[in-house]
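Asker: Right, I'll just put the structure down here and ask away after.
Computed from the coordinates by the stated procedures, all read-outs in this text should not be read as laboratory data. Quick caveat, the model's predicted, so the values are computed rather than measured. Note that we place each Cβ from the backbone using ideal geometry, even for glycine, and neighbour counts take in every protein chain shown.
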Amino acid sequence: MATPSRCILCSGTSFELVERTPKNAIFKMFFIQCEKCGGVVGVTEYFHVGTLLLNLGKKLGFDLTKAA
Ligand SMILES: [Zn+2]
């Protein structure tokens, strides 16, 4: 069993995805933050580029999950 991920601020082990627009940013982002204290442990793009590419590939007739 994998060791549970922990917040470095409060040792919390539960995390949530929260939509944010940082100051001076022109894109919305998703912060992955500790559910207990709000400490940010990661940031990910609002528009998941991987999913956009897979969908674009499908529309063009390609299954990019099988591309190597
Ligand atoms: Zn925390």
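Asker: Determine, yes or no, whether Phe27 is in contact with a strand residue (DSSP E or B) (Cβ under 9 Å, 6 or more places away or on another chain) and more than 16 Å from the ligand (Cβ to nearest atom).
Answerer: In short, yes.
Asker: Could you please find all residues in segment 20-34 being surrounded by 10 or more Cβ atoms within 10 Å (Cβ to Cβ) and either part of a strand (DSSP E or B) or among the charged types (D, E, K, R) (or both)?
Answerer: Selection gives Arg20, Lys28, Met29, Phe30, Phe31, Ile32, Gln33, Cys34.
Asker: Can I ask one more? When you check Gly50 against the structure, is it assigned to a helix (DSSP H, G or I) and free of Cβ contacts under 8 Å to residues at least 60 places away in the same chain, yes or no?
Answerer: Here the answer is yes, as Gly50 does meet what is asked.
Here's the yes/no breakdown for (1) within 13 Å of the ligand (Cβ to nearest atom); (2) over 19 Å from the mean Cα position of the chain (by Cα); (3) not polar (S, T, N, Q):
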residue: Thr3; (1), (2), (3): no, yes, no
residue: Ser11; (1), (2), (3): yes, yes, no
residue: Ser14; (1), (2), (3): yes, no, no
residue: Thr21; (1), (2), (3): no, no, no
residue: Ile32; (1), (2), (3): yes, no, yes
residue: Gly38; (1), (2), (3): yes, no, yes
residue: Thr51; (1), (2), (3): no, no, no
residue: Asn55; (1), (2), (3): no, no, no
residue: Lys66; (1), (2), (3): no, yes, yes
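Residue-by-condition table, conditions (1) exposed (fewer than 12 other Cβ atoms within 10 Å of the Cβ); (2) aliphatic (A, V, I, L, M); (3) touching a strand residue (DSSP E or B) at 6+ places or on another chain (Cβ under 6 Å):
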site	(1), (2), (3)
Ser5	no, no, no
Cys10	no, no, no
Val18	no, yes, yes
Lys36	no, no, no
Gly42	yes, no, yes
Val49	yes, yes, no
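Asker: Report, ordered by the first and then the second residue, all pairs with beta carbons closer than 7 Å, sequence separation of six or more or different chains, a first member in segment 1-23 that is among the aliphatic types (A, V, I, L, M), and a second member that is within 16 Å of the ligand (Cβ to nearest atom) and not in a loop (DSSP other than H, G, I, E, B).
Answerer: Leu9/Cys34; Leu17/Ile32; Val18/Phe31; Val18/Gln33
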